[in-house]
Structures are given as structure tokens and as C-alpha cells.
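Worksheet for the structure shown next.
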Amino acid sequence: MRILNGCTLAVRALGVVSAAVAVAATPTRLAAQDLAIKNATIITIARGDIANGTILVRGGKITAVGTNVTIPAGVRTIDGTGKFVMPGLIDAHSHSALENGINEGTESVTPEVQVQIKNDDPVIYRALAGGVTAALLLHGSANTIGGQARVIKMRWGQSADEMLFKGAFRIVKFALGENVTQASSTAPADQRRFPMTRMGVEFTVRYWFQKAKEYDQEWKEYRDAVKTNANAMMPRRDLRLEALTDILHGDLKVHSHSYRGDEILMLIRVAEENGFKVHTFQHVLEGYKVADEIAKHGAMASTFADMWAYKAEAWDAIPFNMALMSQRGVVVSVNSDSDERIRRLYQEAGIGVRYGNMPVNEALKMVTLNPAKQLGVDKMVGTLETGKDGDIAVFSAHPFAPDAMVEYTIVDGKVLFERAEANTLRKIADKTQGGTR
Amino acid sequence: MHLKTKHLALFVATALVAASATNAAAQAGAGDEGTFFIKGGTVVNPGGQKMPNTNILVRNNRIVEMGPAAQPADAKVIDATGKYIYPGMIDANTGLGLGEVGGVQTMGLRTEMGEFNPHIRALVGLNVESELLGVTRMNGVTSAITSPTGGVISGQAALINTAGWTWEDLSVAKSAGMVINLPGSGGGGRGGGRGGRGGAAASPTLVADFERFMTESKEYNTARASGSAKLDLIYEAMRPLLNKQIPAIITANGEANIRAAVAFGEKWGIRVVISGASEAWKVRKFLADKKIPLILGSLESAPGDDVPYDEIYAQPGLLYEAGVKFAFSTGAGSNARHVAFHAALAMAYGLPSDGALKALTIWPAEIFGVEKEIGSIEKGKLANFFITTGDPMDLRTQVVEVFIKGRMLADDDRHSRLYAKYKSRPLPIKP
């Protein structure tokens with residue numbers, strides 16, 4: 001469904017993994033592999049495209065990229081003739097592969113909670129089949145200040161802990177606008193909760209950061225006092241305020257769900273007044289209206305390609321948003337927020353070329369290097385360069401071409417999706433002899 | 001539109017001189033209704049060879065000359081040298097013009113009260129100023145089915161152009177088909193209930209009521225044909241369906257529902273188009289033998305947990321090979337403009353390029369009996385086409401101009417307006 005995004009208030013019903021999708025998780029696939037792809041067009045993102053190039057991965061890391069690469073004997077080699085090799089795609093906004101609830105909706109400020117990974121969600125496999133190798137799994141958008149997120153690699157077949165992308169930022173979800181206010185404004189009068197308006201959302205953020213600053217000061221005073229007075233009274237520990245002080249110190253990065261230009265500007269000003277930074281605006285559908293302000297604050301933006309008109313605050317969403325924000329110096333990613341779009345994130349990036357004529361590789365950055373920056377993993381992934389992780393997607397054609405399909409997806413040098421071995425419709429259909437039974 | 005003249009100038013300065021002449025001709029509203037001579041472009045028609053260096057003369061809404069035609073003195077000239085001209089694309093299931101902002105209930109009036117509404121007509125409820133129509137046409141989608149929803153018989157779908165002055169002006173087929181949801185067909189096949197728009201709920205009473213409604217409609221039709229019945233607006237609305245003048249558009253997902261829809265058509269002697277059609281690949285030979293056409297539900301759908309990951313993308317290729325005729329659809333309206341990208345997904349997973357073009361143009365025209373009017377670029381047809389820098393299924397392609405009913409459209413859609421406004425916001429003053 002196009003309209004439903006993961007940020008609805010509903011708790012997701014979780015499916016059962018079936019044999020149809022659970023084909024990739026065999027022990028041999030999880031073993032370390034050295035591999036090379038040769039004779040391919042390599043879209044490095046870092047240094048343009050390499051025609052007829054070779055990429056070599058050893059011990060899970062990229063060890064060589066170029067036209068003059070020697071492939072050691074015994075290394076599995078994929079012939080990339082006619083194919084396009086690019087960094088594994090990164091989805092900067094997803095609620096897939098989570099369980100036990102997406103929204104802690106009881107209160108509007110809950111940064112002390114954290115989402116839980118469902119490592120056997122078939123969406124992980126399907127994301128791999130679309131070339132996606134990493135994602136930010138966010139709390140929902142019911143709360144002004146929601147819960148903490150997880151950054152994962154799509155290590156299909158491994159445990160939830162093993163999927164965690166080590167070294168990534170700690171990230172917390174904020175939310176503005178209709179999702180935060182609607183939960184109350186449409187509820188019976190005796191079940192409503194503050195805030196019900198954008199005005200109330202602004203106050204909620206100010207109120208809690210004032211408390212956080214006081215809490216931070218209390219602890220600072222205690223830590224100073226205890227140096228000279230062993231009997232100094234320790235303040236009462238508060239996990240909610242502790243998370244907020246982490247934001248003040250920059251240890252916990254704010255990713256804020258937002259739609260309208262006014263609320264984006266509001267959060268920027270509240271953040272500046274209270275001494276914290278909005279790291280990335282999520283959705284940010286009217287980001288193009290305040291792109292200069294976003295850029296000046298130093299925030300990044302992760303948006304939808306073409307979603308609009310599904311609710312009032314999405315009425316001014318335009319597909320030129322990506323191009324306009326990029327031109328104004330904002331680091332832009334395009335995300336899925338959906339079990340469906342995560343399967344074809346490359347197409348979503350290409351919308352940025354169709355609308356506003358973004359340079360092709362700038363558009364591809366929106367699903368590689370730019371989301372890597374937003375997740376704090378750009379030193380490890382997001383480009384094809386020596387020393388980076390062996391996270392790679394191999395396409396049958398240029399990812400923006402109409403016949404482009406993912407043939408291999410590689411994570412840490414392991415081939416976790418391989419079209420030739422996948423359980424495809426064609427394989428099943430060939431057995432049914434034209435469909436009559 | 002994205003590389004239309006004024007934007008083109010911002011990106012490609014060298015093209016400015018040639019392009020500005022065409023922009024002067026484009027007007028707001030329903031477009032400039034002049035005589036146009038589009039010269040030097042490569043025409044790409046479904047099922048045909050590319051036709052390089054083909055001139056097109058447009059007059060009074062229609063294509064009046066094609067080929068090496070000479071340039072008349074009164075025509076506005078559009079230079080399409082180096083560019084491609086494609087027939088306008090058709091989205092075969094939308095709610096275009098019937099709804100605006102999804103979350104605002106009063107802005108979307110697509111579902112009438114009651115179960116049996118053959119007398120309800122989409123066309124008369126259309127808002128020609130819908131912002132959704134504007135953004136749709138600017139990406140080359142020049143026609144669409146727009147349909148009512150809900151109940152067992154939702155009402156009559158219309159086939160419309162996406163630009164025009166009134167709903168009459170928009171209309172290509174006032175009544176293109178009767179939208180029917182068979183009782184008990186809700187939910188679809190095994191694919192996790194991916195049903196597109198609404199199969200009806202199961203209820204023994206509803207099944208019996210529907211049977212009686214069909215029987216009475218048939219009796220009325222016979223009586224009217226012999227001049228022995230008084231006019232009844234509701235049963236009267238069933239006559240074009242029963243007389244095979246229009247097809248039933250039956251929502252059916254999953255093998256059982258698809259077979260039930262075909263059987264329904266055979267029982268009552270009516271033509272059937274299957275809409276949704278998930279898992280149609282399982283009965284593709286059956287559908288080809290019966291010559292049942294399909295309106296595929298949105299390819300931008302997540303599959304059920306127990307099917308191959310590529311089922312939704314790969315199905316059109318299998319249907320094509322089996323000889324089943326089908327059209328693409330987006331189902332809603334806000335992104336009807338991107339129906340070509342649904343076709344691109346199908347191409348990646350096995351549908352040949354020409355099959356994709358057919359399913360976006362001539363096949364939906366044939367399915368709804370308007371192939372003499374739209375669906376390809378031919379002399380005598382409505383001038384519904386668009387000029388591009390390349391394959392419209394390729395995301396890198398830019399749409400340069402759009403013609404609907406012989407009118408050249410301006411960049412006046414909501415998104416182009418906002419783009420132009422904010423692109424021209426002055427840069428901040430450097431301190």
C-alpha cells in the first residue's frame with residue numbers, strides 16, 4: 001500500500017518466515033569469502049564510474065578497485081560484463097524487521113525506550129534482493145520525542161545482536177505535526193494527551209530540554225562535589241532525562257520526523273535555543289521551503305521520493321524536494337519507510353533525476369554515501385573504496401535503467417543474495433507448464 | 001514537467017534559444033489549442049518500429065498528418081529533432097478527479113452508499129481542477145480509468161484524458177466499464193490479502209441478493225428490448241453491461257477469485273476484465289484461451305510471506321509470454337504519474353520493452369474499446385502524446401512537452417509551480 005507508512009500508530013502484525021524466502025541462510029554463505037567482480041562498470045560514488053573495472057574483497061573488506069587489479073588464484077570471481085556494481089544501498093528510514101511494537105505511545109516523551117530487532121523478518125531478505133545492505137530502524141512517530149533506533153546490516157541468517165552495525169551513531173526519533181497531535185485530537189476527550197497542536201509540540205520540546213539542562217547541571221555539580229566530599233548526595237537517576245542529556249552532549253543524534261516548513265524551522269530554533277543539534281530531518285517533505293535554514297543549522301535530510309497528497313501535511317510535498325535541497329547544500333538521502341519501497345530504493349533515487357534533473361551520481365549518493373553519513377557509518381560503507389566494508393550490490397543494468405535488477409547483494413564480502421540461486425517466480429512457473437492445473 | 005522549456009534553460013543553456021519558442025505557445029488551463037507542427041522527432045508506437053524523423057501535424061484536437069508532411073503556414077512549430085515522441089500513457093485504475101488529499105475525508109468521495117450502484121457514474125463527479133490531474137499529465141500520463149469503489153456493484157468507471165475544460169471535455173469513454181466486487185472475494189489470494197481496492201465481504205444474504213439483482217436486471221433488459229417495461233434508472237444502467245457494450249471490471253485476486261470472476265461472466269453472458277489479478281500467472285493459459293484481459297494491481301506492493309520475492313514484478317512477463325492482454329495501474333491517483341515505473345519493474349523481471357509500452361498504451365485502449373481514439377500515434381486519433389529525451393520507463397529521461405487532445409500543456413501543475421517558486425528563492429546573504 002502506497003499510503004500506509006511505517007509511522008502509523010498501528011502495531012505491526014508480524015508474519016511467519018516460510019521456506020519460500022528462507023533460502024539464503026545456509027552456513028556456507030555465512031563463512032568468510034574472498035571474491036572479485038571483474039569487467040563491470042563500477043559506480044564508486046567516491047571517484048566516479050570505472051568502466052571495465054574489477055573490485056576485490058578479502059576478509060570482508062574491499063582491498064582493490066580499479067582497472068588494473070590482479071585477482072589472486074582461488075578467489076571466487078563473478079563476471080560483471082554488462083553489469084553495474086555499486087555500494088550496497090542504505091535505507092535511512094525503516095520500521096521493517098522490528099518486533100514488540102514500534103511506538104511507545106503512552107506518553108509523548110519516551111527517549112528511554114529502544115526498538116527491538118526481529119532478525120528473521122523476510123523483509124530483510126527482500127531488501128537484500130533490492131540491493132539494500134544496511135538500514136536505520138526507527139521508533140514510530142506517535143511521540144514528540146520517541147524512542148531510540150538501531151542501525152543494522154542486512155546480515156540475513158544471523159542473530160539480532162550480530163545484525164547491529166557496530167560503530168554507527170546512537171539515534172533517537174523525534175516527531176512533529178499530524179502523527180504526534182492526531183493521536184490525541186481524534187481520541188475521545190477523556191483519553192487525550194498533550195500536545196494536540198504544533199504549538200504544543202514546540203512547548204513539549206522546550207519544556208523537556210529545560211528539565212534536561214537542570215538534570216545535567218545537577219549531575220555536573222554532584223561530580224564536582226564528590227571530588228572533595230565523599231558524602232555528597234547523588235541525584236536520583238532518571239533514564240528519560242539521561243537520554244535527553246545525551247542529546248545535549250551530542251552522544252545521541254536526533255532524527256526528527258517532519259513534514260511542513262514551519263515545523264522544521266521551529267525545531268531548528270528550539271534546538272539552537274537549547275543547545276542541541278537536529279542531526280537529520282526525516283521525511284522533511286517541505287524541506288525545500290527552508291533548505292537554507294536546514295543547511296545553516298548543519299542538519300541533513302532524508303526524504304521520500306514522490307509521496308504526497310496522502311494527508312493534509314503532505315499536500316505541498318513535491319518530487320523536486322531532493323533536487324532543491326541538494327542544490328542548497330543539504331546532504332539528502334531518500335528512504336523507504338516501507339516494506340515495499342525498501343525493495344526498489346534505487347528507483348526512488350532515480351525519481352530525483354526525473355524531477356529536477358539531478359546529476360545521476362548525486363542521485364545515487366542519496367541511497368549510498370548520504371544515508372551512510374546520516375547513520376554515522378560513512379567511514380565503513382557508502383562508497384566503493386579500498387578499506388571499506390565489502391557491502392556491494394550488482395545490478396544487471398544501470399540502476400536507473402528500466403530493465404535494472406539486482407543479481408548479487410554482498411554484505412561483509414558474503415554473497416547473501418544471488419538471483420541465480422533465489423526462489424524466483426520463473427523457476428516455479430516453469431514447473432506449472434503455463435499455469436493450467 | 002521537468003525539462004520543459006523554462007527549466008531546461010536553467011540546466012542546459014545551449015538549448016535555450018530553440019526551446020523558448022515553444023514555451024511561448026504553451027498556455028495555462030487546458031492547454032493551447034492551436035495547430036501544431038511537431039517536426040523531426042522519432043515516433044515510438046507500441047508494436048512498431050521506431051519512426052525517425054517523423055513530422056506530426058495536429059489540428060482540431062487530432063493528428064491530421066504524419067510522416068514527411070509539409071509545414072503549414074498557420075502552425076506553431078515544435079522542433080523535436082533528437083527527441084522521442086511516445087503515445088500518451090494510460091493508467092487503467094485510479095480515483096483521479098474523485099479524491100484529493102487522502103487523509104481528509106470530505107476531499108475524497110469515491111464510495112456511494114449501498115451494494116448495487118450500477119447507476120453511479122464516476123465521470124459526473126470529476127473535478128477537472130484536481131491537482132492530482134495536473135501532476136499526472138506532466139509525466140506523460142494523458143489518460144486514465146477513474147472509478148467508483150465500494151459495495152458489490154460500485155458503479156461506472158470512466159476513461160478520461162488528464163486535461164480538459166469540463167468533465168465532458170475530459171471524457172474519452174463516459175462509461176468504460178462496470179466496477180464489480182463479487183461477494184466473498186475480499187482479501188485476495190494467498191499473498192497476504194494484497195487485494196488492491198476492495199473485494200466485497202462474504203455474506204450468504206449478499207450472494208442471494210446479488211443473484212436476484214442480476215436476474216431482475218436480465219429480465220428487465222429483455223422486457224425493455226421488447227418495449228414492455230417502464231424505465232427504471234437502476235436496471236437501465238445494467239443494460240450496456242448485459243448487452244456487452246461495456247465490460248464488467250471485476251476485482252479478483254488469487255486463482256480462485258479469478259476463476260470465479262470468469263465463471264460469473266460466462267454465466268450472465270457479459271464481458272469481463274479482471275482487476276487486481278495477483279496470482280493470475282497461475283492461470284495464464286486459461287486466461288489467454290478465454291481472452292480475458294487484466295488490469296494489474298499496483299506493482300508497488302509488498303508480496304505475501306509465502307511467495308517468491310519477485311512474484312509481483314515477474315508476473316507481467318509470464319502473462320505476456322502466455323498471450324494474456326493486460327494494462328498497468330497505480331490504483332489511487334497521487335502517483336498515477338509513475339505508472340511507467342511500474343512497467344519498468346516488470347521489464348527488469350522479464351517483460352519485453354514493447355510489451356511494457358503496449359500495456360501502457362494500446363492495450364488499455366483496446367480493453368476499453370477506445371483504440372480508434374487513443375493508445376498510439378496515428379493519423380485520425382486524438383493528439384495524445386508526449387515528447388521526451390528517451391525511454392519514458394528510464395528514470396533518467398526528461399519529459400519535454402505533453403499534448404492532450406491536441407493541446408500543448410503548460411508547466412502549471414502544483415509541483416512545477418512550487419518548484420519554480422522555491423528554486424527562485426534568493427540565496428542567503430553571506431555575512
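The values are calculated or read from the model by the stated rules, or taken from the named source; none is laboratory data. As the structure is a prediction and not an experimental result, all values here were calculated from the model. No Cβ is skipped: glycine too gets one built from the backbone with ideal geometry, and neighbour counts run over all protein chains shown. SASA here: full protein model, heavy atoms, side chains in, ligands and nucleic acids out. Shrake-Rupley method; radii C 1.70, N 1.55, O 1.52, S 1.80 Å.
Couple of notes before you dig in:
- The number of residues in segment A:301-312 being modelled with pLDDT of 95 or more, of a type outside the set (F, W, Y), under 18 Å from A:D262 (Cα atoms) and surrounded by fewer than 24 Cβ atoms within 10 Å (Cβ to Cβ) comes to 0.
- Residue among A:E202, A:E218, A:E214, A:E272 that is outside any strand (DSSP E or B), in contact with a Pro (Cβ under 9 Å, 6 or more places away or on another chain), open to solvent by 70 Å² or more (accessible area, probe 1.4 Å) and not β-branched (V, I, T): A:E218
- A Cβ distance below 8 Å, combined with a sequence gap of six or more or placement on separate chains, defines the contacts here; from segment A:124-143, residues that are among the aromatic types (F, W, Y) reach residues that are in a strand (DSSP E or B) in the pairs A:Y125/A:F417.
- Of all residues in segment B:212-229 being within 33 Å of the chain's Cα centre (by Cα) and touching a residue at least 12 places away in the same chain (Cβ under 8 Å), the one that is most open to solvent (accessible area, probe 1.4 Å): B:K218
- If you filter segment A:414-437 down to residues that are in contact with a Lys or Arg (Cβ under 7 Å, 6 or more places away or on another chain) and more than 9 Å from chain B (Cβ to nearest Cβ), you find that the one that is surrounded by the most Cβ atoms within 10 Å (Cβ to Cβ) is A:L416.
- Figure legend. Inter-residue proximity from segment B:279-290: first residues in contact (Cβ under 8 Å) with a residue 24 or more places away in the chain and outside any helix (DSSP H, G or I), second residues surrounded by fewer than 20 Cβ atoms within 10 Å (Cβ to Cβ) and not polar (S, T, N, Q), beta-carbon distance below 6 Å, spacing 6+ or different chains. Indicated pairs: B:E279/B:E255.
- Entry remark, segment A:366-380: residues being in a loop (DSSP other than H, G, I, E, B) and open to solvent by less than 10 Å² (accessible area, probe 1.4 Å) number 4 in total.
- Counting residues in segment A:176-191 that are assigned to a strand (DSSP E or B) and in contact with a Cys (Cβ under 9 Å, 6 or more places away or on another chain) gives zero.
- Qualifying positions in segment B:43-85 - hydroxyl-bearing (S, T, Y) and either open to solvent by less than 80 Å² (accessible area, probe 1.4 Å) or within 21 Å of B:I362 (Cβ to Cβ) (or both): B:T54, B:Y84
- Of the strands (runs of 3 or more DSSP E) that lie entirely inside segment A:49-96, those containing 3 or more residues that are within 29 Å of the chain's Cα centre (by Cα) span A:49-58, A:61-66, A:84-87, A:89-94.
- Single residue of segment A:352-365 satisfying the filter (assigned to a helix (DSSP H, G or I) and free of Cβ contacts under 8 Å to residues at least 40 places away in the same chain) that is farthest from the other protein chains (Cβ to nearest Cβ): A:E362
- The residue that is farthest from the other protein chains (Cβ to nearest Cβ), counting only those in segment A:381-406 that are of a type in the set (V, I, T) and surrounded by 19 or more Cβ atoms within 10 Å (Cβ to Cβ), is A:V381.
- Candidates B:G114, B:G134 - the one that is surrounded by fewer than 24 Cβ atoms within 10 Å (Cβ to Cβ) and at pLDDT 95 or above: B:G134
Table: residues versus (1) open to solvent by less than 10 Å² (accessible area, probe 1.4 Å); (2) within 7 Å of chain A (Cβ to nearest Cβ); (3) in a helix (DSSP H, G or I).
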site: B:I292; (1), (2), (3): no, no, no
site: B:L299; (1), (2), (3): yes, no, no
site: B:A302; (1), (2), (3): no, yes, no
site: B:V307; (1), (2), (3): yes, yes, no
site: B:G317; (1), (2), (3): yes, no, yes
site: B:Y320; (1), (2), (3): no, no, yes
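- When we screen B:F341, B:F286, B:F326 for residues that are among the aromatic types (F, W, Y) and either away from every other protein chain (no Cβ under 14 Å) or within 21 Å of B:Q156 (Cα to Cα) (or both), the only hit is B:F326.
To keep it simple, each residue is scored yes or no on (1) more than 26 Å from A:R237 (Cα to Cα); (2) away from every other protein chain (no Cβ under 14 Å).
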| residue | (1), (2) |
| --- | --- |
| A:S108 | no, yes |
| A:K118 | yes, no |
| A:G130 | yes, no |
| A:L136 | yes, yes |
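- Residue in segment B:349-356 that is open to solvent by less than 10 Å² (accessible area, probe 1.4 Å), in contact with a strand residue (DSSP E or B) (Cβ under 9 Å, 6 or more places away or on another chain) and of a type in the set (A, V, I, L, M, F, W, C) present: no
- Residue check for A:A349: among the small types (G, A, S), open to solvent by less than 10 Å² (accessible area, probe 1.4 Å) and not in a helix (DSSP H, G or I): no
- For the criterion of being of a type in the set (F, W, Y) and without any contact (Cβ under 8 Å) to a residue 40 or more places away in the chain, A:F194 fails.
- Any chance A:D292 is in contact with a Pro (Cβ under 6 Å, 6 or more places away or on another chain) and of a type in the set (D, E): yes
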